[in-house]
Amino acid sequence: MRKTLSDDSFLNELTRLFLAEGVNGLTIGDIAARLRCSRRRLYAIAQTKEEIFCTAVDHFFQCVLDEGQALSRKEPNLTAAIAAYLNVGVRAGRKMSVRFVKDMEESEPARIKFDDFQRARAIALAELIDEGVQQGVFVPCHGLLVAELILGAALRLRRPAFLAQAHLTIEEAFQELYRVLLGGLLVDASAPKKATASKKNKTQKDSVADTASLN
């Protein structure tokens, strides 16, 4: 007989099931059978299947928020702190199946949980960016504006229709967003300028040499 799980462990298992398979293709009976628990235990979490799903969604995102904040605080280097903070989101995306994302977007309460999560992530990121600007680690910018850009992008990137069109998982989409955020779109502008300057100097030297030969 299976040992009874603690409430926290049970919620973790329930969340993992939803992350892998979503909720719309499962009945309460299916969920109880998969977790080898009674229906009563599921209904102790919430009164409907959608509410149970939303509870698991909220639990998942709260864990991601807590992990991101804990890791960023442990890093003395601010650049490493932001990288660690963003990577938590990437790892979270890795756990979210296409079915889970689709079911979450189709449920207004669950979708609101995702919105709240992304907003909280953006606000915390804004604080890290502002700190980086003050320390001279980042170029001068408005932390909250940058965070709002990220939030707006994330709201569109997470749409199942876009992910299907782009042939990306939600993890890959966020990974690319964060790469562009930290690295920017432009290559180092100094290299072309130096090359141009060198070419200009060479042209001037050639001109002087030609003049000398004529004299």
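What the table shows:
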read-out	value
The stretch 1-119 shape via C-alpha gyration tensor axes, a/c threshold 1.5	prolate
Rg ratio (alpha-carbon, reference 2.2 N^0.38 Å) - the stretch 73-142	1.36
Karplus-derived 3J(HN,Hα), 6.51/-1.76/1.60, for each residue of the stretch 93-107, Hz, glycine and proline x	x, 5, 7, 8, 6, 4, 5, 4, 4, 4, 5, 5, 5, 7, 9
Dipole magnitude (debye, nearest 20) for the stretch 1-54, charges at Cβ of Lys, Arg, Asp, Glu	320 debye
Rounded accessible area of THR48 (nearest 10 Å², 1.4 Å probe)	60 Å²
Share of carbon and sulfur in the accessible heavy-atom surface of the stretch 128-170 [1.4 Å probe, %]	65 percent
Solvent-accessible surface (1.4 angstrom probe) belonging to LYS49, in square angstrom, nearest 10	60 Å²
Placed amide H near LEU26: partners under 5 Å, 5+ positions off or other chain	none
³J(HN,Hα), Karplus 6.51/-1.76/1.60, whole Hz, each residue of the stretch 20-35, x for Gly, Pro	7, 10, x, 10, 5, x, 10, 9, 4, x, 4, 5, 4, 5, 5, 8
Cross-link reach list, aspartates and glutamates versus LYS102, counting only Cα pairs under 18 Å and skipping chain neighbours closer than eight places	GLU21, GLU50, GLU51, ASP58, ASP115, ASP116, GLU171, GLU172
Under Karplus coefficients 6.51, -1.76 and 1.60, residue-wise ³J(HN,Hα) of the stretch 126-131 in Hz, glycine/proline x	4, 5, 5, 5, 4, 5
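The values are calculated or read from the model by the stated rules, or taken from the named source; none is laboratory data. For clarity, every value in this text was computed on a predicted model and none was experimentally measured. Glycine also receives a Cβ, built like all others from the backbone with ideal geometry; neighbour counts cover every protein chain displayed. For the accessible areas, the whole protein counts, side chains as well, though only heavy atoms, and no ligand, DNA or RNA atoms are used. Shrake-Rupley method; radii C 1.70, N 1.55, O 1.52, S 1.80 Å.
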